[in-house]
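Every read-out reported here was derived from the displayed coordinates using simple, explicitly stated rules and does not represent laboratory data. In this text the structure is predicted, and so the values were computed from the model without any measurement. So basically every Cβ, Gly included, is an ideal-geometry build from the backbone, and we count neighbours across all protein chains shown.
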Amino acid sequence: MVSYLDHAATTPMRPQCTEAMLPFLGSRWGNPSGGHALARAARRAVDEARDVVATCLGADAGEVVFTGGGTEADNLAVTGVVARNGGIAVCSAVEHHAVLRSVEALSGRVAGVHGDGRVDLAALDAALDGQVSVVSLMLANNEVGTIQPLAEAAALVAERAPAAVVHTDAVQAVSWLDVAVLAAPAHLVAVSAHKFGGPQGVGALVVRGGVGVEPLLRGGGQERDRRSGTHNVAGIAGMAAALAATVADREAVVERVRARRDRLADGLLAAIPGCTESGTRATKVAGSCSLLIEGIESEALLVLLDREGICATAASSCASGAAEPSHVLAAMGVPRALAYGSLRLSLGWTTTDAEVDHALEVIPAAVDELRERSAAPILR
């Protein structure tokens with residue numbers, strides 16, 4: 001069997017998403033920027049989707065900017081604010097590379113984190129001053145699942161850098177957390193459809209009223225001049241449908257997935273000597289099971305798991321195959337040798353008990369096989 005434990009990389013599309021997309025992949029192909037009936041129908045679809053996304057994210061419809069995904073939304077937020085207002089960008093050391101590399105390219109500042117992956121508010125405080133124009137802190141981490149203290153950080157920014165705006169990458173949060181409430185302190189909120197059962201290649205950035213961003217893409221002036229380019233009508237319709245479905249059953253999914261995640265994590269910790277969790281489970285999203293396994297290299301483990309039908313990653317899927325260990329684990333103080341044995345198992349709305357059982361059978365055996373090959377000493 002195949003056990004898909006890589007939902008943090010991408011989730012299977014929800015049936016509501018597929019159904020919403022199909023008309024725009026066939027008979028309703030109009031360009032929403034046009035003036036004829038077919039174009040107007042496409043425009044209505046975009047407008048209706050915008051209303052749904054706004055409601056689900058706690059925003060006004062005019063605050064929703066459709067993008068090509070979460071990476072573009074993050075770049076538009078960080079780079080767009082600095083390009084418009086000048087100043088300095090600040091982020092935490094565990095941000096997705098879409099944020100971290102944007103901040104680095106702008107010669108910004110990076111605040112450290114504690115060993116559990118939560119931002120060190122004292123370090124953030126030290127990075128703030130009157131020059132700062134944007135502060136970015138993700139709501140939930142893409143590698144270890146840690147939920148950040150966004151409200152506390154936003155209050156600190158308001159006190160220490162009152163002219164700055166707060167951006168949150170909520171890409172990994174939508175499936176698990178009430179983003180409409182928890183991201184309310186942020187002026188800019190980025191989401192990506194394929195992380196909650198929508199299609200790949202479409203996302204959104206909430207830009208609260210009064211916040212200005214310089215566009216990354218110029219052209220026809222779509223999205224109120226904030227993001228030019230012909231709308232991905234099918235993708236936008238699918239994203240809205242997936243988001244509405246996610247919000248509607250999120251509470252039930254979180255309860256079900258958390259129980260399966262706990263069974264998976266506890267079972268692997270008991271079965272594999274020298275295995276620990278990265279971060280603190282109590283402050284993680286329900287679908288995150290991030291482990292550190294002594295005496296192995298995760299890339300070799302992933303090969304064995306793939307052979308047995310287990311879909312997983314070492315850390316961020318964006319870094320899969322990279323020679324360097326995760327920057328998130330490094331920022332958390334995980335020793336380099338141990339970070340090479342990281343394993344990210346991420347559950348989602350389709351995860352079954354059978355998939356968990358399969359993983360509990362296969363993963364310990366694969367670790368044993370690798371250890372036997374290397375004969376590495378393991379602390380017991």
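A few notes on this one:
- Note on His36 and Ala337: the extension gain reaches 102.2 nm, defined as 0.36 nm multiplied by sequence separation minus the Cα-Cα distance.
- Highest average packing first - 20-27, 136-143, 111-118, Cβ atoms within 10 Å: 136-143, 111-118, 20-27
- Share, in percent, of DSSP beta bridges within the stretch 15-246 that are antiparallel, nearest 5: 45 percent
- For Asp178 and Asp120, a Förster radius of 35 Å and the Cβ-Cβ distance give a FRET efficiency of 0.85, rounded to the nearest 0.05.
- Gaussian network model of the chain, springs between alpha carbon atoms under 10 Å - residue of Trp349, Trp29, Trp176 with greatest fluctuation: Trp29
- Of His36, His97, His187, the one that fluctuates the most in a GNM where the chain has Cα springs shorter than 10 Å: His36
- Length gained on full extension, Glu361 to Ala282, computed as 0.36 nm times the residue gap minus the Cα-Cα distance: 25.9 nm.
- Cα-derived Rg over Rh, computed across the chain with Rh taken as Kirkwood radius: 0.99
- Debye log10 I(q)/I(0) for the stretch 220-275, one point scatterer per Cα, at q = 0.18, 0.19, 0.27 Å⁻¹: -0.75, -0.78, -0.99
- Pairwise label distance in nanometres, Val303 with Asp368, each label 7 Å out on the Cα-Cβ vector: 2.1 nm
- Label-point separation in nm, Arg44 to Ala61, each point 7 Å along Cα→Cβ: 1.3 nm
- A cut-off of 5 Å between modelled amide H atoms, ignoring neighbours fewer than 5 places along the same chain, links Asp6 with Ser346.
- Zone of Arg28's modelled label, taken as backbone nitrogen in the stretch 179-222 under 19 Å from a point 7 Å along Cα→Cβ: 198-200, 202-203
- Fully extending the segment from His97 to Ala248 would add 51.3 nm, taking 0.36 nm per residue of separation and subtracting the current Cα-Cα distance.
- Considering only the stretch 159-309, percent of DSSP beta bridges that pair antiparallel, nearest 5: 75 percent
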